[in-house]
Amino acid sequence: MTKLGVHLASIVSVLSVLSPAVVAWSGPPTDQLRAGVDRVVVILHDPALAGERQGSQRRAAIGQVAGEIFDFGEMARRSLGPHWEKRSPAERAEFARLFTELIQRSYIAKVDQHGSAASVSFLGDTVDEDYAVVKTTIPLSNGSTMPLDYRMRSAGGRWRVYDLSMDGISLLANYRAQFNKIIRTGSFEELVAKLKANQAEFAVPSAPSASPASGKTGK
């Protein structure tokens, strides 16, 4: 168990694959995902944004790009599962904001910390109308590779990520199970309070460490 806000370490660290990618074949979803990653690479290698003095500006720039890569609103809705329909518009908006802040803090922190992470290999994508799965692999420290699938959704002419599946383990399914338990044994208000306090503990299945720079869900 880890503190909310850093419990994404295993999964978010593999999001931080920010060196040039290897592409076998790509369609629009892959192209847009890769373009977003490339933009983060540019930020991390920008001399004007280097160093701790420019940390806030650099992290803000990364956060802006993250907002274009990920569909945080859709992620929030799916993470709440059937409980989403029971909430008022105001409650949905507040939960979506808190969930977005959680993911963004974790993502930005890991990317900023591991700016020279391992490379990702894009293996291609499968598209079913407005949904797609971009298949990738990342190298592990033991020399093997691990599959990392990005589930994407097209809205307004743009593909954005709404879930990740790391070695077959869905990020949103994991959140949904834990959020559901808190609501069923406590209340929705309790879940919101934990998110606000940033003190809730949620487990993310451990994954092998991605190699450093040196060396099942449906729609």
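Along Cα→Cβ, 7 Å out, is where each label goes; now give me the distance between the ones at Asp128 and Ser56 in nm to one decimal.
With each label point 7 Å from Cα toward Cβ, the separation is 4.6 nm.
If the cut-off is 20 Å between C-alpha atoms, which aspartates and glutamates fall inside it for Lys194, apart from same-chain ones fewer than 8 positions away?
Leaving aside aspartates and glutamates fewer than 8 places away in the same chain, those within reach of Lys194 are Glu91, Glu94, Glu101.
Enter the accessible area of Tyr150 (Å², nearest 10), with the probe set to 1.4 Å and all protein chains included.
10 Å²
At 1.4 Å probe size, put Glu85, Glu91, Glu74 in order of accessible surface, largest to smallest.
Result, largest first: Glu85, Glu91, Glu74.
Roughly how much of Thr100 is accessible, in Å² to the nearest 10, using a 1.4 Å probe?
30 Å²
The values are calculated or read from the model by the stated rules, or taken from the named source; none is laboratory data. Keep in mind it's a predicted model, so treat the numbers as computed, not measured. We place every Cβ from the backbone using ideal geometry, glycine too, and count neighbours over all the protein chains shown. Ligands, DNA and RNA are stripped out before the accessible areas are found, and what is left, the full protein with its side chains, is counted by its heavy atoms. Shrake-Rupley method; radii C 1.70, N 1.55, O 1.52, S 1.80 Å.
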